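The values are calculated or read from the model by the stated rules, or taken from the named source; none is laboratory data. All values derive from a computational prediction rather than experimental measurement. In this analysis, Cβ positions are derived from the backbone assuming ideal geometry, glycine residues included, and neighbour counts consider all displayed protein chains.
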Amino acid sequence: MKKLLKEIAQCEICKAHLPLGPKPILRVSKNTKILIIGQAPGTKAHESGKDFYDASGKKLRSWLGVDEATFYNTEYIGVMPMGFCYPGKGKTGDLPPRPECKPQWHQNILDELTAVELIILVGQHAQKAYLGKQFQRNLTETVKNYHTFLPKLFPIPHPSPTNRFWLAKNKWFENEVVPMLKTRIQEVLK
């Protein structure tokens, strides 16, 4: 695992496409129990080198029902984004994750993660990649049907403040799905 993480830290496969240059952000250990597969680091993560250390992370930790210490302890929770580096800014937010990371690195990482009991798929990029034909008509339908992917997979929307309109329109998520997510997290962490 250490050798693999060192290789990833030095990766420059998509260097020419990254506006801030390569800075892979990945946080896992061989004993990680819960793996979060998200989109790609934002500018704050790129600057700090720390995933989800922003408003999105605060919201995500509240959905998971864990504190910072638990969240950043890779024995409990790891993060493997679809794209490991900041992809750049688009018209309505960050660009989609670079496509090079998943085929180059994901399976190698997953092969090393022998203790994972739950994979949380954050956003449609991760859901489409890991659910394949099981991805529903859209993210909303996929998240509504989260129970069909349990006990191993749990799809959720991205916790970004830019998703506040989706959350306001889909109150069922925080009222019904988040309590089930917290329960599943506690089952794995006990």
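Cβ-Cβ distance below 6 Å, separation of 6 or more or different chains: which pairs start in region 112-130 with a residue that is buried (at least 22 other Cβ atoms within 10 Å of the Cβ) and end on one that is assigned to a helix (DSSP H, G or I) and modelled with pLDDT of 95 or more?
LEU121/GLN127; LEU121/TYR130; GLN127/THR142
Hey, can you tell me all the residues within region 61-76 that are farther than 16 Å from PRO41 by Cβ and not in a helix (DSSP H, G or I)?
Listed by number, the residues that qualify are GLY65, VAL66, ASP67, ASN73, THR74, GLU75, TYR76.
For region 105-137, give me each residue that is among the basic types (Lys, Arg) and either under 20 Å from VAL188 (Cβ atoms) or part of a helix (DSSP H, G or I) (or both).
LYS128, LYS133, listed by residue number.
Return only the number of the condition from (1) over 22 Å from GLU12 (Cα atoms); (2) buried (at least 20 other Cβ atoms within 10 Å of the Cβ); (3) aromatic (Phe, Trp, Tyr) that TYR72 does not satisfy.
Single failed check for TYR72: (2).
Filter region 30-64 for residues that are closer than 16 Å to HIS106 by Cβ and polar (S, T, N, Q); which is modelled with the lowest pLDDT?
So, considering only residues that are closer than 16 Å to HIS106 by Cβ and polar (S, T, N, Q), the one modelled with the lowest pLDDT is GLN39.
Take LEU181 and decide whether it is assigned to a helix (DSSP H, G or I) and in contact with an Asp or Glu (Cβ under 7 Å, 6 or more places away or on another chain).
Judged against the criteria, LEU181 is not a match.
If we keep just the residues of region 77-105 that are β-branched (Val, Ile, Thr) and touching a strand residue (DSSP E or B) at 6+ places or on another chain (Cβ under 9 Å), which is nearest to ALA9 (Cα to Cα)?
VAL79
When region 94-104 is examined, which residues are found to be in a helix (DSSP H, G or I) and closer than 13 Å to ALA129 by Cβ?
Passing the criteria: CYS101, LYS102, PRO103.
What number of residues within region 152-173 satisfy the criterion of being surrounded by 15 or more Cβ atoms within 10 Å (Cβ to Cβ) and in contact (Cβ under 8 Å) with a residue 40 or more places away in the chain?
Here the count works out to 4.
Yes or no, residue by residue, for (1) within 16 Å of MET1 (Cβ to Cβ); (2) free of Cβ contacts under 8 Å to residues at least 60 places away in the same chain:
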residue: HIS17; (1), (2): no, no
residue: LEU26; (1), (2): yes, no
residue: TRP63; (1), (2): no, no
residue: ASP94; (1), (2): no, yes
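Consider region 175-190. How many of its residues are at pLDDT 95 or above and loosely packed, with under 15 Cβ neighbours inside 10 Å?
Qualifying residue count for the region: 7.
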